[in-house]
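**Q** Okay, handing you the structure first.
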Amino acid sequence: MSNGVYRRAGLPALLACALLVTACGADADGSTDDSGSVESAGFAAPAQQTSFGDFAAPAQDSPTGSDSASTSTDQSDDQSGTEANGPVHPVPVPGLTKEFADQIPAATSQVLVATSPTADSEKSSLSFYEFTDKKWKKLKTFDTHNGSNGWLKDRREGDKTTPIGVFTLSDAGGFKANPGTELPYTQDNRLPSSATVAYGANYESVFDYIIAIDYNRKPGTAPTDKTRPMGWDKGGGIWLHLDHDSGTNGCVTLDEADLKWIMRTIDPDAHPRIAMGPATELKK
């Protein structure tokens with residue numbers, strides 16, 4: 001997939017934008033087109049917790065003409081976001097229970113593991129594993145934040161939880177130019193404006209760099225694509241993006257230097273996965 005750049009779109013009035021912001025997604029240009037094309041795709045901003053006042057992003061109905069219970073006819077992944085991609089990896093990722101280790105295909109040689117001590121925690125860690133010399137090696141571990149209401153396997157739009165499961169990592173993007181990732185990268189000039197409208201000036205840079213987590217999204221599209229194969233009520237727009245020192249509405253966030261390191265290290269040919277959840281479920 002070649003790199004794409006969205007055309008600049010004018011933002012609507014502040015009130016209109018605020019009403020369109022979702023707990024895990026928003027249409028910055030007010031579009032109700034659900035075609036998923038670069039020119040007309042609705043902007044899907046990810047989950048984020050504001051730290052000022054009592055502001056909370058309102059819930060959003062499914063896009064005009066869509067069915068919240070519908071599923072994509074060309075979606076090859078199951079509802080957890082993992083692929084039926086051949087045999088299980090012969091060497092389990094260290095520390096993962098069999099349920100999660102069995103979701104890592106043999107073709108995968110890079111796995112990120114995001115976890116917290118308890119299911120209701122908003123503070124987490126993210127470890128990067130690589131399979132070399134017939135064993136998994138932990139390259140780095142980072143401090144992160146996850147959903148302000150912790151983790152949940154059967155999450156819903158607006159519940160401020162991060163989904164539990166194993167998911168593919170197929171696409172990246174951001175406001176700034178590609179920092180050197182080999183993932184397909186889509187630059188979008190509307191990202192700072194959307195963050196500012198939704199959360200205030202202090203948040204204009206949190207979407208400078210993004211890796212889309214393939215939960216309830218169509219892999220092979222820009223992170224801002226709003227297609228929801230499992231329906232709108234399951235939420236979406238779950239990203240790795242820049243940290244803002246608090247819990248999120250579903251995303252996993254980390255410092256800029258850490259995210260850029262991950263973006264430069266991750267290899268699409270390694271069929272990367274991310275395993276996410278509390279230690280009570282994820283770990284042995």
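The values are calculated or read from the model by the stated rules, or taken from the named source; none is laboratory data. Since this is a predicted model, take the numbers as computed values, not measurements. Positions of Cβ are backbone-derived with ideal geometry, glycine not excepted, and every protein chain shown enters the neighbour counts. Surface areas here come from the heavy atoms of the whole protein model, side chains and all, with no ligands, DNA or RNA. Shrake-Rupley method; radii C 1.70, N 1.55, O 1.52, S 1.80 Å.
**Q** VAL88 to ASP269: extension gain in nm, 0.36 nm per residue of separation minus the Cα-Cα distance?
**A** Full extension from VAL88 to ASP269 adds 63.5 nm.
**Q** Could you check how much of the accessible area of the stretch 98-283 is carbon and sulfur, as a whole percent, using a 1.4 Å probe?
**A** Exposed carbon and sulfur together represent 46 percent of the surface.
**Q** At 1.4 Å probe radius, can you tell me the per residue accessible area of the stretch 145-284 in Å²?
**A** With all protein chains present, the stretch 145-284 gives 29 Å² per residue.
**Q** Between LYS153 and ASN202, what is the label-to-label distance in nm when each label sits 7 Å out along the Cα-to-Cβ direction?
**A** It is 3.7 nm.
**Q** Expressed in nm to one decimal, what extension gain is obtained for the pair ASP120 and GLU182 from 0.36 nm per residue of sequence separation less their Cα-Cα distance?
**A** 18.9 nm
**Q** In terms of modelled amide H atoms, which long-range or inter-chain residues lie less than 5 Å from the amide H of ASP171?
**A** Amide H neighbours of ASP171, under 5 Å, 5+ apart: ALA212.
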